[in-house]
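The values are calculated or read from the model by the stated rules, or taken from the named source; none is laboratory data. Note that the structure is a prediction, hence the values are computed from the model and not measured. Please note: Cβ atoms are built from the backbone with ideal geometry, for glycine as well, and neighbour counts cover all protein chains shown.
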Amino acid sequence: MNSYFKVLGLHVYLATTKRSYVDNAKYLEANAQVMIALKQTLNKDYLFMIFHCDSAFVVWNTLISLERYD
């Protein structure tokens, strides 16, 4: 999935992987792109776990932490 974020653009990748990027002016657009991509690819179980999140960084790290426990 990281590769897919990189294909969408540097800002999209950074919005997902760098906490400090939240202060960047390009963050809002990049965050929206990531959230759309994630919501289109996740199954209902994962969507239920992340529906309350509005940050791609938080969603991505939540998904990574869930993967570690599977």
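Summary table
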quantity	calculated
Restricting the stretch 46-57 to residues that are exposed (fewer than 15 other Cβ atoms within 10 Å of the Cβ) and among the aliphatic types (A, V, I, L, M), the residue that is modelled with the highest pLDDT	L47
Selection count where residues are assigned to a helix (DSSP H, G or I), touching a helix residue (DSSP H, G or I) at 6+ places or on another chain (Cβ under 7 Å) and not polar (S, T, N, Q), scope the stretch 50-62	5
